[in-house]
Amino acid sequence: RFMFCTADRYVIDPEEAVKLCDENTIGICAIIGTTYTGEYEDVKALNDLLVERKVDVPIHVDAASGGFVAPFVVPDLEWDFRCERVVSINVSGHKYGLVYPGVGWVVWRAPEYLPQELVFNINYLGANQSSFTLNFSKSASHVIGQYYQLIRLGKHGYRSIMSNLTRNADYLAEAVEKQGFVIMSERNGAGLPLVAFRFKTPEGDEERHYDEFGLAHHLRCRGWVVPAYTMAPKSGVKMLRIVVREDFTRTRCDSLISDIALCCQLLKDMDKEDSKRLEMYINKHLTSLGKGEGAHPEYTNESHSLQGKTGKTHAVC
């Protein structure tokens, strides 16, 4: 069962999530650092409701992005094993764990929460070994890289880096808001160090003949890869997202702020027909929108496939 975002709520509603649980529910997945806006879902409220109503459903926390941020920026936030119904947590080392892509971690509260049917036992390497992974012949360099970062940086180093990223994200959000955008992400460490924003909805007779995809296109021409996307299934809600990385300095931040202002002015100076032509060009040629000439074919009428049901293609993560 899915709980979709709305135009004014971008995270799970604990009350509604608990109501969706029944005798067939095997778990609830909460996210620390959502894809759209980087917000932290209220795991503590979800946990307390399950306990209060005696609903025996465990919680898995997807902390792929926030697992290396929240503990250092907001250490008092309860989303981990301090919540009794949380039984497993996953985190990506290749995001804010500061390691190259290809490494991720999952932690269980206790061994009994890992079903034995998911454990693969082998003995052809000379001894019995238990493995819970789909990867066999793979380099261990990423594990060594993560170990190096943990030892070298420690808690103090990660806290310093993540706090600096949060300050830069807040600085960027304030500047973007002054340019007239609506900020959709949280600030002051209440979410990931990113800025999710959109244009204000035109009021009255006001009309805007360009959208977030047009701005993303112009920013790309200036060398910035700022994704524009819609919030499924609310395809009418468009937004842009800027993820603040460790190498995103205050100087780069100021350059991006200036380029956003420049690109907005370019869009305003375009007449309606030019904007329409730009929109048609983006839809036709940019494969990142799934509509380019080199994109995969669309099968919208298939009831048995993921693409037919949701418009998305199959993938293995």
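On each of the three principal axes of the Cα atoms of the range 89-186, give max minus min coordinate, whole Å, ordered largest first.
63, 29, 25
Rank the residues 226, 61 as a footprinting-exposure proxy: fewest other Cβ atoms within 10 Å of their Cβ go first.
Ranked by crowding around the Cβ, least crowded first: 226, 61.
For residue 196, list long-range residues whose amide hydrogen, built 1.01 Å from N in the peptide plane, is under 5 Å from its own amide hydrogen.
184, 185, 242
Add +1 for every Lys or Arg and -1 for every Asp or Glu among the other residues with Cβ under 15 Å from the Cβ of residue 145, and state the total.
In short, +2.
For residue 98, what is the net charge nearby, where nearby means another residue's Cβ is under 12 Å from its Cβ and Lys, Arg count +1, Asp, Glu -1?
+1
Filter the GluC sites (Glu not before Pro) in the range 189-221 down to the DSSP loop ones having no more than 13 other Cβ atoms within 10 Å, then list what survives.
The qualifying sites are 203, 206, 207.
Taking neighbour Cβ counts within 10 Å as the exposure measure, how do 50, 125 sort from fewest upward?
The fewest-first ordering by Cβ neighbours comes to 125, 50.
If you place +1 on the Cβ of every Lys and Arg and -1 on the Cβ of every Asp and Glu, how big does the dipole about the Cα centre of the chain come out, in debye to the nearest 20?
940 debye
Can you give the net charge of the other residues whose Cβ lies under 12 Å from the Cβ of residue 13, counting K and R as +1 and D and E as -1?
It works out to a net charge of -3.
In the set [x] 22.1, 76; [y] 20.5, 57; [z] 27.4, 90, which value of Rg and Dmax of the Cα atoms in Å was calculated from the structure you see?
Matching the structure shown: [x].
Taking the Cα centre of the chain as the origin and placing charges on Cβ (Lys, Arg +1; Asp, Glu -1), which of 88, 217, 40 is farthest toward the positive end of the dipole?
217
When the Cα centres of the range 208-225 and the range 95-162 are compared, how far apart do they sit, in Å?
With the range 208-225 and the range 95-162 each reduced to a Cα centre, they are spaced 38 Å.
So what are the range 46-127's ellipsoid semi-axes, whole angstrom, largest first, if each one is the square root of 5 times an eigenvalue of the alpha-carbon gyration tensor?
That gives 26, 22, 8 Å for the three semi-axes.
Using +1 at the C-beta of Lys and Arg and -1 at the C-beta of Asp and Glu, which of 103, 50, 239 has the Cα lying farthest in the positive direction of the dipole of the chain?
Toward the positive end, the furthest listed residue is 103.
What number, in percent, do you get for the relative contact order of the chain if the mean sequence gap of Cα pairs under 8 Å and at least 6 apart is divided by its residue count?
Here the relative contact order equals 13 percent.
Under the rule of at least 5 residues apart or a separate chain, name every residue whose amide H is placed under 5 Å from the amide H of residue 97.
Result for residue 97 returns nothing.
Which distance in Å, rounded to a whole number, links the C-alpha centroids of the range 242-275 and the range 26-94?
Taking the Cα centre of each part, the range 242-275 and the range 26-94 sit 34 Å apart.
Computed from the coordinates by the stated procedures, all read-outs in this text should not be read as laboratory data. Predicted model, so just to flag it, every value in this text is computed and none were measured. We place every Cβ from the backbone using ideal geometry, glycine too, and count neighbours over all the protein chains shown.
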